[in-house]
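K.L.:
My questions will all concern the structure given below.
The values are calculated or read from the model by the stated rules, or taken from the named source; none is laboratory data. The shown structure was predicted, so the numbers you read here are calculated from the model rather than taken from an experiment. Note: ideal-geometry Cβ built from the backbone for every residue, glycine included; neighbour counts use all protein chains shown.
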Amino acid sequence: MKIQRPKGTFDILPYGADESWQLSDLWQYVEKIIRQTAAEYGYREIRTPIYEHTELFNRGVGETSDIVMKEMFTFPDRSERSLSLRPEGTASVARAIVENNLMQQGAIHKFFYISPMFRYERPQSGRYRQHHQFGAEGYGIASPEQDAEVIDLMLQIYHRLGLKNLKVHVNSVGDLESRQAYKAALMAYLTPHFAELSADSRTRFEKNPLRILDSKDPKDREIVAKAPSILNHLSPDSKLHFHKLCHILDQIQIPYVVDDRIVRGLDYYNKTVFEVLTENLGAQNTVGAGGRYDGLLAQFGGPDAPGVGFATGLERVLQVMMAQQVSYPKTDRPFIYFIPMGDGAREKAFNLTAACRHNHIPADIELSAKKVPAAIQNALRCEAQYCCILGTNELEIGTAQLKNLATREETEIVLDHIIPILKTIFIR
Ligand code: ATP
Ligand code: MG
């Protein structure tokens, strides 16, 4: 029996993928733009392990979050330690900053990551058990310019990738003081509706009632539509922070809507929270999201330093690109494809192929087909630009025809001069 990939996973292939967003050229292009843009904004790459002690996520993401309650891939290792595949990036980044004493080396740290994440969810379009996130985080700056900077970075990347019609929703969940005041008001409003709430929301009622605002259940949504707004319960400090952020976003011309129903599913947020939405993905309409997490480093035994960041799901970004018919560049294909006919020619062709490659000219060689038409088919399949057929005759006279596979034009070239000639016509 054939073995299949696990449910909720997919392969990223150079060709032959089930969906156009699963082609590796697209992934490479998107990752390149992300790396370039992040660097231009002053963000450096961080890579953390793909699994961590389960405790990290329990404490970092929060015991009452959906991720910890029902989505983690948790397993004991051979020494019965509980490990979990990383469901999100921020807890690991915060852990790494504290563990490596980075805050002692400087007050400000701006990092990005591109990594696979694992969540045991019901697989559907835009929702996978292994998905990939690009995230960026800034630590050490409490003022709202830092919030605006990460939002701007996120949108700049979407913009450079050619995404259109995205909506930015921003909100403030305040500080602890604001949230306590709001929680009381929200619970007072929800109490008469308790019996009508979904089972999930009834569980959240005691533990984390703010999460009820996040519910996707239609009846819950109807009830929370009339709930009091957290924006009316912000402490003076949180209110000022939010106003300043909105002002900065106006100044740098980022359109947004204030949406007081956004609370985010992870427990570590305070003050700013935001989401970027698309109309191209159906139910899975959040392309990326983030917020401020000022207490996170301290929670992991680090200094009391603020932080803010976002994560965006690459699958969803790629799916929106494909839905909006964005074009993207391909990686290098062979510039020249050598087709040897006979054993003597094979040796010469292999030497020429190697010489091209050593000189940064993408090249490939036919090593299987016995007949020229089949070899040309192979050259076309790997999208080579030129082919060069080498037979005994060519070897004897020392010249061969360089054939343009698109126009079928042929040019005679001296084999001993092939590298300087190709160097003049190959432009990357
Ligand atoms: P959702 O409400 O869609 O479940 P979330 O709040 O769980 O999203 P975050 O934890 O904020 O998502 O993750 C950041 C981003 O990662 C999301 O905005 C989304 O683009 C992407 N994402 C999250 N879970 C998945 C998944 N299972 N498959 C694909 N992408 C995902
Ligand atoms: Mg989720």
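K.L.:
Does region 235-262 hold any residues that are touching a helix residue (DSSP H, G or I) at 6+ places or on another chain (Cβ under 6 Å) and either near ligand 1 (Cβ under 10 Å from one of its atoms) or of a type in the set (S, T, N, Q) (or both), and which are they?
P.N.:
Ser235, Ser238, listed by residue number.
K.L.:
While we're here: Give the residue that is farthest from Leu186 (Cα to Cα), with candidates limited to residues of region 198-215 that are without any contact (Cβ under 8 Å) to a residue 24 or more places away in the chain and not in a helix (DSSP H, G or I).
P.N.:
Among them, the one singled out is Ser198.
K.L.:
For region 16-41, how many residues are of a type outside the set (D, E, K, R), assigned to a loop (DSSP other than H, G, I, E, B) and in contact with a helix residue (DSSP H, G or I) (Cβ under 9 Å, 6 or more places away or on another chain)?
P.N.:
Qualifying residue count, region 16-41: 2.
K.L.:
Taking region 310-344 on its own, how many of its residues are at negative phi and either at pLDDT below 95 or outside any helix (DSSP H, G or I) (or both)?
P.N.:
Matching residues across region 310-344 total 23.
K.L.:
Then there's this: Somewhere in region 77-84, is a residue crowded, with 19+ Cβ neighbours inside 10 Å, within 16 Å of ligand 1 (Cβ to nearest atom) and assigned by TED's automatic domain parsing to the domain that holds Gln133?
P.N.:
Yes - at least one qualifying residue is present in region 77-84.
K.L.:
If Asp11 satisfies every condition in (1) in the same structural domain as Leu161 (by TED's automatic domain parsing); (2) charged (D, E, K, R); (3) at pLDDT 95 or above but one, which is the exception?
P.N.:
Only one criterion in (1) in the same structural domain as Leu161 (by TED's automatic domain parsing); (2) charged (D, E, K, R); (3) at pLDDT 95 or above is unmet by Asp11, namely (1).
K.L.:
A follow-up question, please. Taking region 104-120, which residues are within 16 Å of the chain's Cα centre (by Cα), more than 10 Å from ligand 1 (Cβ to nearest atom) and surrounded by 16 or more Cβ atoms within 10 Å (Cβ to Cβ)?
P.N.:
Scanning region 104-120 gives Phe111, Phe112, Tyr113, Ile114, Ser115.
K.L.:
Here's another thing I want to ask about it. With Tyr15, Tyr29 as the choices, which residue is surrounded by fewer than 12 Cβ atoms within 10 Å (Cβ to Cβ) and either of a type in the set (Ser, Thr, Tyr) or away from ligand 2 (no atom under 16 Å from the Cβ) (or both)?
P.N.:
That would be Tyr15, the only listed residue that is surrounded by fewer than 12 Cβ atoms within 10 Å (Cβ to Cβ) and either of a type in the set (Ser, Thr, Tyr) or away from ligand 2 (no atom under 16 Å from the Cβ) (or both).
K.L.:
Six or more apart or on different chains, Cβ atoms under 7 Å: show the pairs whose first residue is in region 121-136 and more than 8 Å from ligand 1 (Cβ to nearest atom) and of a type in the set (A, V, I, L, M, F, W, C) and whose second is at pLDDT 95 or above and outside any strand (DSSP E or B).
P.N.:
Phe134/Ile34; Phe134/Leu314; Ala136/Ala38; Ala136/Tyr43; Ala136/Val150; Ala136/Leu153
K.L.:
Take the residues in region 277-309 that are crowded, with 23+ Cβ neighbours inside 10 Å and within 8 Å of ligand 1 (Cβ to nearest atom), then tell me which one is farthest from Ala96 (Cα to Cα).
P.N.:
Ranking the candidates gives Val287 first.
K.L.:
For region 379-395, give me each residue that is farther than 23 Å from Ile427 by Cβ, touching a residue at least 40 places away in the same chain (Cβ under 8 Å) and assigned to a helix (DSSP H, G or I).
P.N.:
Scanning region 379-395 gives Thr392, Glu394, Leu395.
K.L.:
Here's a follow-up. Which of the following residues is part of a loop (DSSP other than H, G, I, E, B) and either more than 30 Å from Tyr328 (Cα to Cα) or within 16 Å of ligand 2 (Cβ to nearest atom) (or both): Arg264, Arg179, Arg221?
P.N.:
Arg264
K.L.:
Going through Glu137, Glu149 one at a time, which residue ends up being part of a helix (DSSP H, G or I), away from ligand 2 (no atom under 16 Å from the Cβ) and either closer than 22 Å to Tyr269 by Cβ or charged (D, E, K, R) (or both)?
P.N.:
Glu149
K.L.:
While we're looking at this one, here's another question. How many residues are in a loop (DSSP other than H, G, I, E, B) and either away from ligand 2 (no atom under 16 Å from the Cβ) or touching a strand residue (DSSP E or B) at 6+ places or on another chain (Cβ under 7 Å) (or both) if we restrict to region 64-81?
P.N.:
So the count comes out to 7.
K.L.:
I'd like the full set of residues that are away from ligand 1 (no atom under 16 Å from the Cβ) and either in contact (Cβ under 8 Å) with a residue 60 or more places away in the chain or not in a helix (DSSP H, G or I) (or both), limited to region 53-62.
P.N.:
His53, Arg59
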